[in-house]
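Trainee: Once you've had a glance at the structure underneath, I'll fire off some questions.
The values are calculated or read from the model by the stated rules, or taken from the named source; none is laboratory data. From a predicted model like this one, the values you see are computed outputs, not experimental measurements. Backbone-built Cβ (ideal geometry, glycine too); neighbour counts: all protein chains shown.
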């Protein structure tokens, strides 16, 4: 009589359930995907209608923008995209490497909060754009000037959300860990940091958008490569469809960057819906 491999049966059943769950999730996402596609189509239709108005003669239509994009030198355009993306990535990563630890120590220690938070509060109201003259003075190298502006713009959302995430943890979580005999180090790694991660990633999500804002501003001022320089040069030479190409490129790259941050958050914060 043949024996039944129960382990294989259980594994097969789990695989079937997993496939069914994936199918249900994919099916549930179909209406949302269709609505997103419809919103893009509606936006293009409104844009086309707006470009036909007599007083909007300088506004190119989506067809004009597409023609301008097809006339671009692919290698040069790819280099501009890579240059802007690398500047954003470097400034954003440096801001995260500085801002997250700083926000943690400020939120976790009242002494360090009193010592470090006041200078940050004084600098925060200063708009990043106001730092452009000093950035040019401090960083004669154009790339590092733009990276500094990107870092500065991304720094404050990261710090403030990290401080909020660490300092606003429920007291019951702390007491529960202490009642189980957890040390301060264990309490931080097992309770404080996991509870603060959702708010920290919210700060990262906001910061990546500000980083793109600053890289475009810096590239327009420096006028040395990148999507921002492309957009500004198109304005100076009255190539209005190319301005929209640059703007669309910035929008797409910013959206993809936000998706990357969200994807990393889903991988790390698996317990959050």
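Trainee: Is it true that residue 149 is under 25 Å from residue 254 (Cα atoms), surrounded by 13 or more Cβ atoms within 10 Å (Cβ to Cβ) and out of contact with any strand residue (DSSP E or B) (no Cβ under 7 Å at 6 or more places or on another chain)?
Mentor: Criteria met by residue 149.
Residues checked against (1) part of a loop (DSSP other than H, G, I, E, B); (2) touching a residue at least 24 places away in the same chain (Cβ under 8 Å):
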residue: 55; (1), (2): no, no
residue: 60; (1), (2): yes, yes
residue: 67; (1), (2): no, yes
residue: 80; (1), (2): no, yes
residue: 88; (1), (2): no, yes
residue: 91; (1), (2): no, yes
residue: 101; (1), (2): no, no
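Trainee: Identify, please: which residue in region 124-135 is more than 19 Å from residue 86 (Cα to Cα) and in contact (Cβ under 8 Å) with a residue 12 or more places away in the chain and is, among those, surrounded by the fewest Cβ atoms within 10 Å (Cβ to Cβ)? Outline the logic, then answer.
Mentor: Taking region 124-135 and keeping what is more than 19 Å from residue 86 (Cα to Cα), we get 124-134.
If we keep only those that are in contact (Cβ under 8 Å) with a residue 12 or more places away in the chain as well, we get 124, 128-129, 131-132.
Working: 124: 11, 128: 21, 129: 14, 131: 19, 132: 20.
Among residues in region 124-135 that are more than 19 Å from residue 86 (Cα to Cα) and in contact (Cβ under 8 Å) with a residue 12 or more places away in the chain, the one surrounded by the fewest Cβ atoms within 10 Å (Cβ to Cβ) is 124.
Conditions tested, residue by residue: (1) within 28 Å of the chain's Cα centre (by Cα); (2) at pLDDT below 90.
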{"site": "27", "(1), (2)": "yes, yes"}
{"site": "50", "(1), (2)": "no, yes"}
{"site": "69", "(1), (2)": "yes, yes"}
{"site": "75", "(1), (2)": "yes, yes"}
{"site": "81", "(1), (2)": "yes, no"}
{"site": "100", "(1), (2)": "yes, no"}
{"site": "119", "(1), (2)": "yes, yes"}
